[in-house]
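Down below is the structure, laid out as C-alpha cells.
The values are calculated or read from the model by the stated rules, or taken from the named source; none is laboratory data. Predicted model, so just to flag it, every value in this text is computed and none were measured. Cβ sites come from the backbone with ideal geometry, for glycine too, and all protein chains shown count toward neighbours. Ligands, DNA and RNA are excluded from the accessible area calculation, which covers all protein heavy atoms including side chains. Shrake-Rupley method; radii C 1.70, N 1.55, O 1.52, S 1.80 Å.
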Amino acid sequence: MNDKTRRLMAILDLVEDGVLVINQDYIIEIINRAMVRIFGDGVGKKCYQAIAHLDERCPWCNADRVFEKQETRKFERYMKNVDRSYAITDIPVPNPDGSISKLTIYRDISQVKMREKQLRASEQSYKSL
C-alpha cells in the first residue's frame, strides 16, 4: 500500500458513514472502519456475502445500472441481519484501466425511521381519540 492509499484509508476511517468499494465482480476492494464495525471485514469477499449474508446478489442491488449506465443511485434499505436502516448511495467510480468500480455509502437512519414510526403511532392514537 502506497502513501496515498494509506492516507485515503485513514480519511475514510474517520467518516461516520459506512463506505465500501466493489469491483465489477462484486468483490469488496475497500471497506472503512464504520462498515467493519457493523458488518465485519469483507475485503476480498463478494459484497452480498459479506454485507447481506446471501449466496447470490441482493434483490435490491443497483450494481448493473451503476456499472453499465454509470448512474448514481440512492435508496433506503432495512438490513435485517444487523437490524438497522440505511440511506444508501451507489456511485460509479472510473478506474485508470477504464473499468468501473462502485462506491457505496451507508448512512445509518435507524433512529430517524424509529421516530417516524413513533410519530405515525402517535398520530394514529390521536385520530382514534
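Quick notes
- Selection of GluC sites (Glu not before Pro), the range 6-109, meeting DSSP coil and at most 16 other Cβ within 10 Å: GLU16, GLU56, GLU71
- Values of log10 I(q)/I(0), in the order q = 0.20, 0.27, 0.34 Å⁻¹, for the range 66-106 under a Debye, Cα-only, solvent-free model: -0.63, -0.85, -1.08
- Percent of alpha-carbon pairs separated by more than 23 Å within the chain: 37 percent
- For the chain, lysine pairs with C-alpha atoms less than 24 angstrom apart, excluding pairs fewer than eight positions apart on the same chain, total 18.
- Amide H within-cut-off set for TYR26, under 5 Å, with H built and near neighbours excluded: none
- Here the 3J(HN,Hα) profile of the range 41-57, calculated from phi with Karplus coefficients 6.51, -1.76 and 1.60 at θ = phi - 60°, is 6, x, 4, x, 9, 5, 4, 5, 6, 6, 8, 9, 6, 10, 8, 9, 3 Hz, Gly and Pro shown as x.
- Convex hull of the range 9-71 built on C-alpha atoms - directionally averaged projected area, nm²: 4.5 nm²
- Max mean-square fluctuation residue, GNM over the chain, Cα-Cα springs under 10 Å, options LEU103, LEU119, LEU14: LEU119
- From helices alone, the chain scores -11000 deg cm²/dmol at 222 nm; the rule is -39500 (n - 2.57) for each run of n ≥ 4 DSSP H residues, then divide by the residue total.
- In this label model, ILE30 and SER99 are separated by 1.5 nm, measuring between points 7 Å along each Cα→Cβ vector.
- Choice from ASP25, ASP83, ASP108 with maximal GNM fluctuation in the chain (Cα, 10 Å cutoff): ASP83
- For the chain, modelled as a GNM whose springs connect Cα atoms under 10 angstrom apart, the maximal fluctuation among PHE67, PHE75, PHE39 occurs at PHE75.
- Solvent-accessible area assigned to carbon and sulfur over the chain amounts to 50 percent, based on a 1.4 Å probe.
- Each residue of the range 73-89 was assigned a 3J(HN,Hα) from its phi angle through the Karplus expression (A = 6.51, B = -1.76, C = 1.60, θ = phi - 60°), giving 10, 10, 7, 10, 8, 8, 9, 4, 5, 10, 6, 9, 10, 10, 8, 10, 10 Hz with x at Gly and Pro.
- Proximity of backbone amide H atoms, modeled 1.01 Å from N, is registered between TYR86 and ARG77, TYR78, MET79, ILE109 at under 5 Å, excluding neighbours fewer than 5 places apart on the same chain.
- Residues listed by number, the range 44-61, amide nitrogen under 16 Å from MET9 label point at 7 Å toward C-beta: 44-45
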